[in-house]
Amino acid sequence: VNVDLSLTFQIGPDEEAVTKFVYGLGAYRLDELLSAEAEEAIRALVYSVTHDEVDDLREEFAKGMLSTLNSKINCYGVRILHVKITNVVLPQELQDRLEKTTGFKTKLGEEEKNHENRVRVFEDEATKGLEIIRKTNAREIQMLKAEQNRYCLERQDMEERARGNAKVQEIESNLVSALEKKKVAGNE
């Protein structure tokens, strides 16, 4: 990851600080020190966050770098006033991979939604099929119970008729036998 920084610093504010800078550090070594510290801070940032968070953390990172750099170079009479991240660029190969990864994640999300939708449709069809089977079975049970009740009533009716016919036959045979007895008694 390439990160461009803009640093604003001040040498001094007094003569003693300027003397520390000139004799203790110098312009060339200041450049080396700032470069090394900035690179280290950038490395730490890049390794601590994901690629999509780097852009979002510009201000937080700049504040952290300001305090870090000041703690390292204040002793040389230099004070960092502002740190600003001016540009963050990912290498082209990484950008291409990230675009493909994002595209793949999007496609994967769509496929998951399609799958969930198909599962829901299958579940709905299965539920509908089960409901049809339940209703059909309930009708069949109702028809069988009605038929059973009809057969019970028919059987009771047949039993009543048979009892009635038996009673009629018994009465007829009793009458016939009573008449026969009277005939026999009258013939005597």
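The values are calculated or read from the model by the stated rules, or taken from the named source; none is laboratory data. It should be emphasised that the depicted structure is a prediction, and the values quoted were computed from it without experimental measurement. These accessible areas exclude ligands, DNA and RNA; they are computed on the full protein's heavy atoms, side chains included. Shrake-Rupley method; radii C 1.70, N 1.55, O 1.52, S 1.80 Å.
Brief remarks follow.
- Note on surface exposure: GLU60, GLU131 rank GLU60, GLU131 by accessible area, highest first, 1.4 Å probe.
- Centre-to-centre, using Cα atoms only, the stretch 81-146 and the stretch 1-17 are separated by 54 Å.
- Kirkwood estimate for the stretch 115-188, i.e. one over the average of 1/r between Cα atoms, Å: 18.1
- Prolate/oblate/rounded label for the chain (Cα gyration tensor, a/c 1.5): prolate
- Per residue, the solvent-accessible area of the chain (1.4 Å probe, heavy atoms of protein chains only, all protein chains present) comes to 80 Å².
- Counting only Cα atoms, the size of the stretch 49-159 along its three principal axes is 124, 30, 14 Å, in decreasing order.
- Take every pair of alpha-carbon atoms less than 8 Å apart whose residues are at least six positions apart; their mean separation over the length of the stretch 1-146 yields a relative contact order of 38 percent.
- Shown are MET65, MET143, whose ranking by accessible area with a 1.4 Å probe and every protein chain present, most to least, is MET143, MET65.
- At least 20 Å along the helix axis (C-alpha) and Kyte average at least -0.5, DSSP helices within the chain: 26-48, 58-73
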